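K.L.:
One structure coming up, written as structure tokens, with questions to follow.
Rule-based calculations on the coordinates, nothing more; no lab input. All of these numbers come straight from a predicted model, not from anything done at the bench. All Cβ positions, glycine included, derive from the backbone under ideal geometry; neighbour counts span all protein chains shown.
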Amino acid sequence: MKFILIGFMGAGKTSIGKALANKLKLKMIEMDDLILKKSGRKSIEELFSKDGERQFREWEIEVAKDLQDRNNLIISTGGGVVMNRIILDYLRSNGKTIFLKTSFFEIEKRLKNDSSRPLFKDKNKARKLFSFRQSLYKEYADLIVFTDGKSVKKITYEIISKN
Ligand code: S3P
């Protein structure tokens, strides 16, 4: 069994991933953590400012490749994994992709006090990125779960009951 959680920044991939892993007794992997390990940087912010987004995307592809044969796993992706087709090709092999669909309005609320996401600093750019990526998330999704106004528990239950 393998679930790949996709969706924009602030959609809840990490929280839902942890809850799912807990319920299903599976290991959860956070792609951003593996990328940080590869880079030797302490934070995504530091990585973006010192190495740049292009390098981040290269490491993101490498991490996806490293994960391709892994099973019995919940993978929490970064919001930008849909920007390189190869990433989901690697991740999806014998796994189910779940799109956590959240409105931009709700994401803005959730990330109001967050300064850890370089691509959310400029709201207008983030909004454009959000719109651009929606159809990509949808295209890759085996299941779409709406998260606005729902608790982690409810979303986790919804995912489990639909699988
Ligand atoms: C990114 C999302 C982030 C992180 C990086 C780039 C993106 O992950 O991978 O800042 O391009 O949307 P989260 O979706 O976990 O915030």
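K.L.:
Hey, could you check segment 108-130 for residues that are assigned to a helix (DSSP H, G or I) and away from the ligand (no atom under 13 Å from the Cβ) and say which is surrounded by the fewest Cβ atoms within 10 Å (Cβ to Cβ)?
P.N.:
N124
K.L.:
Would you mind stating whether D51 is surrounded by 15 or more Cβ atoms within 10 Å (Cβ to Cβ) and either within 18 Å of S115 (Cα to Cα) or not aromatic (F, W, Y) (or both)?
P.N.:
For D51, the condition - surrounded by 15 or more Cβ atoms within 10 Å (Cβ to Cβ) and either within 18 Å of S115 (Cα to Cα) or not aromatic (F, W, Y) (or both) - is met.
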